[in-house]
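The next block holds one structure in the form of structure tokens; read it before the comments.
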Amino acid sequence: MLLACALLWAGASASAPRALTPAPETGRFLMTSFSGGQPLWAWCDSPSRVLALIQYAVPATTNPQTTPAELHEWPKTAAGLGKIQVSEVQIGAPDPGAGHIYTPLKLTSGPRKGQSGYYHTSNIENTNDPAYRMTKTGEFKLGNDVYKCRYAKDATFIGVTQKRTVIVWETPCSEPLFCKVTYATRNFDNSRGVFLKNGDKGYASTRIQANRITDFRRLYSWQTSDGFTYDVELSTRGGTVKVKRGSTTLTTEPFLAYSISLPK
């Protein structure tokens, strides 16, 4: 009797379905970057200048191994960003390594004509990993110059105006719920920036098609005890940071380049 029960139990165990290992999470956010309403391949907020690779709408025809783009550069000064420099660029195929992706560049016109280089991104700290909201851009190399890029871990938004870098963090939340947000600036003249917590995410909408952001709108707002209001307004058509006191607008600064990370 005992032997029969043991055999019956063993048979039942053998036929029971095994627990399946859940598939790994492949990221909860999509990041998009723009300059003046145009999408960016990558951009860099370095200590000495801002660099942005503007995507061309037309594919390369002369060499299928490269993609044409424009490199926009703004030198940083105490008075703000200087005069823009524009170069035509050919972007090559990315070369991935352990934790790193190097994408080669060849500059074909402008003040850097003939120089080669790359931009370096991370294949660990990127939006494919659920631990990160943004893909980290580590550096740009152009000729003999290497530009290290600012990275704000867990930021929802990072952008540059003529005078400062603006960073926004969100508390964990799911759309369309509103959530508390934090605002910080890094001023190019080395003056003390602003740091504000417990702001509100106002209106928020996102359109996603085929795992790609096609349209979004965001309003973030902070109010201080001495009557100042800071508003960051963003969309695929551009963005601004606006400072008001009461009903009077003191400054409105458009973003020259920015990245935003939105929930899928």
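At q = 0.12, 0.13, 0.22, 0.24 Å⁻¹, what log₁₀ I(q)/I(0) does segment 89-193 have when each alpha carbon counts as one equal point scatterer in the Debye sum? Summing over Cα pairs of segment 89-193 leads to -0.57, -0.65, -1.17, -1.22.
Under 5 Å between amide hydrogens, built in the peptide plane, is the criterion, and for V194 it picks out T185 among residues at least 5 positions away or on other chains.
Quick one: angle between helix 2-15 and the longest Cα principal axis of the chain, in degrees between 0 and 90, rounded to 10, please. Around 30 degrees separate the two axes.
Each residue, T26 and I84, gets one label point 7 Å from its Cα in the Cβ direction; the gap between the two is 3.6 nm. Between R192 and Q65, the modelled labels are 5.5 nm apart [label points 7 Å from Cα along Cα→Cβ]. Across the accessible surface of segment 115-199, with the other protein chains kept in place and a 1.4 Å probe, carbon and sulfur atoms take up 49 percent. Entry comment: accessible area of the chain is 55 Å² per residue, from protein heavy atoms only and a probe of 1.4 Å. Taking T214, T156, T32 in turn, the Gaussian network model of the chain (Cα-Cα springs below 10 Å) assigns the largest fluctuation to T214. Across the cross-link table entries K148/K264; K83/K197; K83/K136; K106/K148, which are compared at the Cα atoms, the separations over 25 Å belong to K148/K264; K83/K197; K83/K136. A helix-only calculation puts the chain at -1500 deg cm²/dmol for mean residue ellipticity at 222 nm, using -39500 (n - 2.57) for each DSSP H run of at least four residues, averaged over all residues.
Sort the chain into rounded, prolate or oblate with this rule: let a ≥ b ≥ c be the square roots of the eigenvalues of the Cα gyration tensor; rounded if a/c is under 1.5, and if a/c is not under 1.5, prolate when a/b is larger than b/c, oblate otherwise. Note, shape of the chain comes out oblate. Pairs of C-alpha atoms in segment 116-260 farther apart than 23 Å represent 41 percent of all such pairs. Between T127 and T135, the built amide H atoms are under 5 Å apart, and every one of these is 5 or more places off in sequence or on another chain.
The values are calculated or read from the model by the stated rules, or taken from the named source; none is laboratory data. These figures come from a predicted structure and were not determined experimentally. Positions of Cβ are backbone-derived with ideal geometry, glycine not excepted, and every protein chain shown enters the neighbour counts. With ligands, DNA and RNA removed, areas are computed over all heavy atoms of the protein, side chains included. Shrake-Rupley method; radii C 1.70, N 1.55, O 1.52, S 1.80 Å.
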